[in-house]
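Have a look at this one before I ask anything.
The values are calculated or read from the model by the stated rules, or taken from the named source; none is laboratory data. Because the structure is predicted, anything quoted here is derived from the model rather than measured. Cβ: placed from backbone, ideal geometry, glycine included. Neighbour counts: every protein chain shown. Heavy atoms of the whole protein, side chains included, go into the accessibility calculation; ligands, DNA and RNA do not. Shrake-Rupley method; radii C 1.70, N 1.55, O 1.52, S 1.80 Å.
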Amino acid sequence: MRTIVADAIVLRTYRYAEADRIVVFLTEHQGKKRGVAKNATKSRRRFGGALEPFTRGRVTYVEREGRELVRLDRIEPVTSPMQSSAGRVDGDAARALGYTSYFAELVDEWAPDAMANERLYRLAASVGDAMSRAGSAESLARYFEFWLLRLEGVYPALSACARCGRTLVDGAVLDPGDWQFACARCGHGALTVSRDAFGWLCRAAAETPAAITDDGASVEVMRELEVVHARLIAMHLERDVRSARVVRELRP
Amino acid sequence: MAFADPLAGLVAALQRLPGIGAKSAQRLAFHLLKTPREDVDALCAAMRSVKDRVTYCSTCSNITDADPCGYCTDGSRDGRIICVVEQPENVWAVERTRGFRGRYHVLMGAIAPLQGVGPDDLKIKGLLTRVGAGSVEEIIVATNPTVEGEATALYLARLLKPLGVKVSRIAMGVPVGSDLDYTDEFTMSKAMEGRRDM
């Protein structure tokens, strides 16, 4: 039996027995863990709001040999998803809160159990921090999707057409045959990425989340990339992300 | 030795209730076995009556045995103020204060992206219809102080404010009788945000 203290992000919780909750959380160095939070359903005294999805904090848990489930003793929150609504108008604030659940679901889907993925942790932490500053939640969501897919090695190359090797400057077509970006001459299919959207992707590859949320990208560009990213995510997960539909419903 | 079939069936049925484990189910089953027949009949009748007679109010979605419910038909209540809650049991929580004399609207949930529950799955249209009828002046959003409850409250505020009603949110912060030393920083910051003049 050993006690571990680690930085972690809460991804989701669900009921376990009458009074407890199972908490799924991503640690920076030990990967994704599942822990029992004793009495967390019945009483909010010990964990308070720290079990909300996408809360980042310092967790204390106890691992026992041969047991997959750990015992979650404490979470000292550093950032809360509730902060993401601050400084935003009502509708945008609701959507920002919705996006924190969306990010949590995506990380939960992608992070393997008990296998460290420090880059994914750092992405989630930095996007969570950026969400608590007023800025475009849509841009941040596209940034998160872009980097998540990139870190997992499944985002198509932005540098050149996958067919003819020509540099992509005037936008691209995402070919559903091999899920690679091709130039307008070589590519087939309806998933086009305009010049502006392609430019945004190139900026996202080099910028921090905080910088990208303030760059004033148009709604059209964000919608274009949302469709492309949703297709890429659905292709790799082999299903649609549940929270994505809800976030779309939260739009004005 | 196994229980007799009827007793085993009762234990299995009781075990499906929330909070009832195998031991508690056995204890309840043996208690019912020893209980006089008329008491067991009364219990069965009460359970059947709940299923037969309890329904949802077509105005506020609260649970009721008469439609519209008592809160919606009570003439002494102030129809200009509606308190919006997530679940029917939240109505009891507000009623216990004995300080609210307006009417209610039950959303039957909250926006929960991880469960796939969106605004279209909640009783929001009925609320907008009530506000659109014109006599409502204030909506008090009393959803839970969670991400889901807060997202629901903000979403409702966006829909309701253009209709010309005052939209308020219940205060969040330090519980009565607690100690500031034991309050986490997010609760404390909410309490500071929601401070009032004295």
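Only residues that are farther than 16 Å from A:Arg251 by Cβ, within 11 Å of another protein chain (Cβ to nearest Cβ) and in contact with a Leu (Cβ under 8 Å, 6 or more places away or on another chain): list them for region B:150-167, please.
If the condition is that a residue be farther than 16 Å from A:Arg251 by Cβ, within 11 Å of another protein chain (Cβ to nearest Cβ) and in contact with a Leu (Cβ under 8 Å, 6 or more places away or on another chain), then B:Glu150, B:Leu160, B:Val167 are the ones that fit.
OK, next. Can you tell me which of (1) surrounded by fewer than 17 Cβ atoms within 10 Å (Cβ to Cβ); (2) among the charged types (D, E, K, R); (3) under 19 Å from B:Thr152 (Cα atoms) is the one B:Arg53 doesn't meet?
(3)
Listed here are the residues, each with its yes/no results for (1) of a type outside the set (Lys, Arg); (2) closer than 23 Å to B:Thr129 by Cα; (3) open to solvent by less than 70 Å² (accessible area, probe 1.4 Å).
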site	(1), (2), (3)
B:Ala4	yes, no, yes
B:Ala22	yes, no, yes
B:Asp39	yes, no, no
B:Cys44	yes, no, yes
B:Gly79	yes, yes, yes
B:Val91	yes, yes, yes
B:Arg96	no, no, no
B:Tyr104	yes, yes, yes
B:Met108	yes, yes, yes
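Checking the conditions here, which among A:His236, A:His229 is within 30 Å of A:Pro53 (Cβ to Cβ) and open to solvent by less than 30 Å² (accessible area, probe 1.4 Å)?
A:His229
Just checking, does region A:134-150 include any residue being over 20 Å from A:Ser243 (Cβ atoms), part of a helix (DSSP H, G or I) and not acidic (Asp, Glu)? Can you show your working first?
Step one: filter region A:134-150 for residues over 20 Å from A:Ser243 (Cβ atoms), giving A:134-135, A:150.
Narrowing the set further to residues that are part of a helix (DSSP H, G or I) leaves A:150.
Adding the requirement that they be not acidic (Asp, Glu) leaves A:150.
Yes, because at least one residue in region A:134-150 is over 20 Å from A:Ser243 (Cβ atoms), part of a helix (DSSP H, G or I) and not acidic (Asp, Glu).
Here's another thing I want to ask about it. Looking at the structure I just gave you, is A:Val107 assigned by TED's automatic domain parsing to the domain that holds A:Thr213 and among the β-branched types (Val, Ile, Thr)?
yes
Take the residues of region A:104-137 that are in contact with a helix residue (DSSP H, G or I) (Cβ under 8 Å, 6 or more places away or on another chain) and facing chain B (nearest Cβ under 10 Å): which is surrounded by the fewest Cβ atoms within 10 Å (Cβ to Cβ)?
A:Glu105
Test A:Glu76 against the stated conditions and say whether it is in contact with a Ser or Thr (Cβ under 9 Å, 6 or more places away or on another chain) and more than 20 Å from B:Val147 (Cβ to Cβ).
no
Checking the conditions here, which among A:Val154, A:Val173, A:Val193 is touching a Cys at 6+ places or on another chain (Cβ under 8 Å) and under 24 Å from A:Ala244 (Cα atoms)?
A:Val173 is the lone residue from the list that is touching a Cys at 6+ places or on another chain (Cβ under 8 Å) and under 24 Å from A:Ala244 (Cα atoms).
Condition (residue is in contact with a strand residue (DSSP E or B) (Cβ under 8 Å, 6 or more places away or on another chain), surrounded by 13 or more Cβ atoms within 10 Å (Cβ to Cβ) and outside any helix (DSSP H, G or I)) applied to region A:208-225: is it met by at least one residue?
no
Tell me which residues, restricted to region A:163-181, are within 19 Å of A:Leu225 (Cβ to Cβ) and either without any contact (Cβ under 8 Å) to a residue 24 or more places away in the chain or among the aromatic types (Phe, Trp, Tyr) (or both).
A:Val173, A:Asp175, A:Trp179, A:Phe181
Sort through A:Leu120, A:Leu151 and tell me the only one that's under 30 Å from A:Met1 (Cα atoms) and touching a residue at least 12 places away in the same chain (Cβ under 8 Å). Let's see the steps before the verdict.
On the way: A:Leu151 fails: under 30 Å from A:Met1 (Cα atoms).
Going through A:Leu120, A:Leu151 in turn, just one is under 30 Å from A:Met1 (Cα atoms) and touching a residue at least 12 places away in the same chain (Cβ under 8 Å): A:Leu120.
Looking at region B:178-187, is at least one residue more than 13 Å from chain A (Cβ to nearest Cβ), open to solvent by 70 Å² or more (accessible area, probe 1.4 Å) and either among the hydrophobic types (A, V, I, L, M, F, W, C) or outside any helix (DSSP H, G or I) (or both)?
Within region B:178-187, the subset more than 13 Å from chain A (Cβ to nearest Cβ) is B:180-181.
If we keep only those that are open to solvent by 70 Å² or more (accessible area, probe 1.4 Å) as well, we get B:180-181.
Now restrict to residues that are either among the hydrophobic types (A, V, I, L, M, F, W, C) or outside any helix (DSSP H, G or I) (or both): B:180.
Yes, region B:178-187 contains at least one residue that is more than 13 Å from chain A (Cβ to nearest Cβ), open to solvent by 70 Å² or more (accessible area, probe 1.4 Å) and either among the hydrophobic types (A, V, I, L, M, F, W, C) or outside any helix (DSSP H, G or I) (or both).
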